[in-house]
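S.K.: Have a look at the structure that comes next, please.
The values are calculated or read from the model by the stated rules, or taken from the named source; none is laboratory data. Note that this is a predicted model, so its numbers are computed, not measured. All Cβ positions, glycine included, derive from the backbone under ideal geometry; neighbour counts span all protein chains shown.
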Amino acid sequence: MQARFHDGRTAQAHDVELTLVDGAVLFYADGQAHRWALAGVEVEVLGGLVRLAAPAGGDGRLMVDGAAWRAATGGVAPSGKRFREARLIGALVAAAAAVTAFVFIGMPALSGPLARATPIKFEQQMGDSFDVQISAPLRTCKQDPAGQAALRRLGETLQRQADTPFRIRVRAVEAPFANAFALPGGAVLVTDDLIAMARSPEELSAVIAHEAAHVEKRHVMQAVWRSFGFGMVLDAVVGGGSGAGQQAVLLAGGLSDLRYGRQAEAEADARGQDLLQAAGLSSQGMAPFFARLAGKGGDAPGAAELIASHPASRQRAEVARARAKPGAAAFTPTEWAAVKAACVTPSKRPARR
Amino acid sequence: MSMTEGPAPVRGEAINLEQRAALSSFVGLSLKNGLLNLVTLTLYRFWGKTEVRRRVWSSTYLNGEPLEYTGRGKDLFMGFLITLAVFGAPFLLVSFTAQLLGPAVAALIILPLYLVIFFLFGFGMFSAFRYMASRTVWRGIRFEARGSARDYALSYIGYALLSVITAGWFWPAAQRRLAGLLWGSLSFGDRPLRFDIEAARKVAVYPAFILAGVGVGVMYAVIVGVVVLLSIGAKEAGASPDEISAITAVAIVVLMLIAAPLMVAAIAPYQAAKLRATAAGLRLDDAGFRFDLKWPAMAWLMFTNVLLLIVSLGFLMPLIQARTIKFLIGRLRSEGLADLAAARQAPQGPRTAEGLADAFGWAPI
């Protein structure tokens, strides 16, 4: 059959006559005999043409009429190709499954020991760095310094009861959602919407004690490790080490949204109540607050955020009610008024109950 | 060996490029690649991309003979792994440590790191070009990009800085020079292509560049103005802050949707001019090139590409790449002769490559 031959040394074309003998392609070009074993020939179908290459024998190419080639070879298909592709896809799916298992099983399991092994100084420095970054979107409330002072004192009271090297620093911040959260190193941020939602000093102090317990148990650092592991994997698989994965995790989760898991939440509930009781304060505020969240999630705009990061409120309310003990209120009436006023500006919307 | 055959009556042949891809076949390929990317956490992308290139190359005909793409998914994957080890891990380590050391130190460490990234961006683009050239074969002969990725990267940083200093004014000249560095480094076998920057300069790019800058600027100003007026109006009408932010969010989305085709129309003339300038500068022997490219067609291509990308949530990227190349090659003309048959084989190209460019998503296809 007729073919055009490129010898892979120059771009000159040679017209050649092909014959198929003993499982090999034979042809003469430049007065030289060429023999390509069919087993090593790569076939690419291009419209009506077929392109043949024999990688083992150099860069030469043969262009053959497709119909003539099929007639001569009985339509030799690239046999191993499909199998190789299936094997490749199988291996890649397995790799992806291993990565997923690492993120959802390995990293959570490792995060506890890693958090406990993290030097205190590291966590503090990281917390300071987080704090600077988060202060830009979530500005500290400046309306009533006495309210901030009262919050700060509650943090110090809880810290004295807690077994932690970190200084628990509580402050009120402006945010478009209701939540309270701890940063690495002991900073606890309470948003203006959450303060507006709380109906009594007991309720607010319960939420703050819960966050203080997260700090003490180093849940915060644990969540940081988990999200770091997730970001690292995302980076490795998708981002190619560009740091894009870390950025994506930060963007998606946000610093304010480190998830702890159900077990850690339950632990923080119980420990938070213990801390309040140890300080002689009432731990009766937690149950009504959670019950209210479970009862009507749409109580305040932005409460969805709080519920999402503190799930299963009804059940937690029952557990908290069973453990609750009476005690002093965390804030005097004067302090409570100041806390309520900490973020409320005259121009702002009317304060919620 | 062809020297002993005696001189041919006419040295060389005219260059005629054709793109014969059946675009419908790229829809199926897009879906296949997209689904496999999903189940493999995108690890399949190296092989998917290779198949796209193979099909685009083999449906591109130079003087009646199809090009051939000889790259392998494995090459890209290995390049990716090497990049990960050499750049990714140290980068992560440095930025993580910087976080621990506090904000002031973090800024000191991370800022120079971004300069390094800029360098790597240029380096990666050239490496990707070199890899693709070495895997492009015609009549059994490879292409080769002979320039230095480091020089390209340094030029890239220098031109980018110049553009910043001149408030963007230098950017079209920078893009012309960078295109020259890239395409001028190319050779078919041992026959070098040249980039004649003077010929490229004869294509006016600045009017279109100014139009693009002014057009996009005006549209942003209008959007910002409308949103500000709207929020002031809503506030006076007694809307709550939540309502105001909802109104402005909706307004921004609606305005962007209206502005998108207009922005594409504003940018398209510059895109077309830039490509015309690049083609005008390119020469192979006595053959020169010319893009028969008008801005309305360019605008339509860009607009439909964006639409396809959004509607398919990115799934149809292979189709978009194929139709873009088909569009461009269909408008590329050449005059004069090039002695293609005299080309002798180029050395083997890099074993693995492109990791860097792939990592940052810079490779154009």
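S.K.: Taking into account only those residues within segment A:256-312 that are among the acidic types (Asp, Glu) and closer than 25 Å to A:Pro326 by Cα, which is modelled with the lowest pLDDT?
M.R.: A:Glu265
S.K.: Next up: Can you name every residue in segment B:150-173 that is of a type in the set (Gly, Ala, Ser), in contact (Cβ under 8 Å) with a residue 40 or more places away in the chain and under 17 Å from B:Leu115 (Cβ atoms)?
M.R.: B:Ala160
S.K.: Right, next: From the list B:Leu154, B:Leu178, B:Leu186, which residue is within 30 Å of B:Gly349 (Cβ to Cβ) and in contact with a Leu (Cβ under 6 Å, 6 or more places away or on another chain)?
M.R.: Of B:Leu154, B:Leu178, B:Leu186, the one residue that is within 30 Å of B:Gly349 (Cβ to Cβ) and in contact with a Leu (Cβ under 6 Å, 6 or more places away or on another chain) is B:Leu186.
S.K.: Being over 17 Å from the mean Cα position of the chain (by Cα) and within 30 Å of B:Asn16 (Cα to Cα) is true for just one of B:Ala272, B:Ala239, B:Ala280. Which residue is that?
M.R.: Every option except B:Ala280 fails the conditions.
S.K.: For the structure I just gave you, tell me whether A:Ala109 is in the same structural domain as A:Thr164 (by TED's automatic domain parsing), without any contact (Cβ under 8 Å) to a residue 60 or more places away in the chain and surrounded by fewer than 18 Cβ atoms within 10 Å (Cβ to Cβ).
M.R.: It is true that A:Ala109 is in the same structural domain as A:Thr164 (by TED's automatic domain parsing), without any contact (Cβ under 8 Å) to a residue 60 or more places away in the chain and surrounded by fewer than 18 Cβ atoms within 10 Å (Cβ to Cβ).
S.K.: Please state which of the following conditions A:Glu42 fails to meet, knowing it meets all the rest: (1) of a type outside the set (A, V, I, L, M, F, W, C); (2) touching an Asp or Glu at 6+ places or on another chain (Cβ under 7 Å); (3) modelled with pLDDT under 90.
M.R.: It is condition (2) that A:Glu42 fails.
S.K.: Exactly one of (1) away from chain B (no Cβ under 14 Å); (2) closer than 20 Å to A:Arg316 by Cα; (3) of a type outside the set (D, E, K, R) is unmet by A:Val188. Its number?
M.R.: Result: A:Val188 fails condition (2) only.
S.K.: Mind checking which residues of segment A:87-106 are within 29 Å of B:Lys74 (Cβ to Cβ) and more than 13 Å from every other protein chain (Cβ to nearest Cβ)?
M.R.: Passing the criteria: only A:Gly106.
S.K.: Of the residues that sit in segment B:22-32 and are away from chain A (no Cβ under 11 Å) and in contact (Cβ under 8 Å) with a residue 24 or more places away in the chain, which one is nearest to A:Ala101 (Cα to Cα)?
M.R.: Taking the candidates together, the pick is B:Leu31.
S.K.: Does segment A:140-188 hold any residues that are of a type in the set (Val, Ile, Thr) and under 27 Å from B:Pro241 (Cβ atoms), and which are they?
M.R.: Matches in segment A:140-188: A:Thr140, A:Val170, A:Val173, A:Val188.
S.K.: Considering B:Ala246, B:Ala204, B:Ala239, which residue is within 14 Å of chain A (Cβ to nearest Cβ) and not in a helix (DSSP H, G or I)?
M.R.: B:Ala239
S.K.: Considering only segment A:68-89, I want to know if a residue exists there that is at pLDDT 85 or above, in the same structural domain as A:Leu26 (by TED's automatic domain parsing) and either among the aromatic types (Phe, Trp, Tyr) or exposed (fewer than 12 other Cβ atoms within 10 Å of the Cβ) (or both).
M.R.: yes
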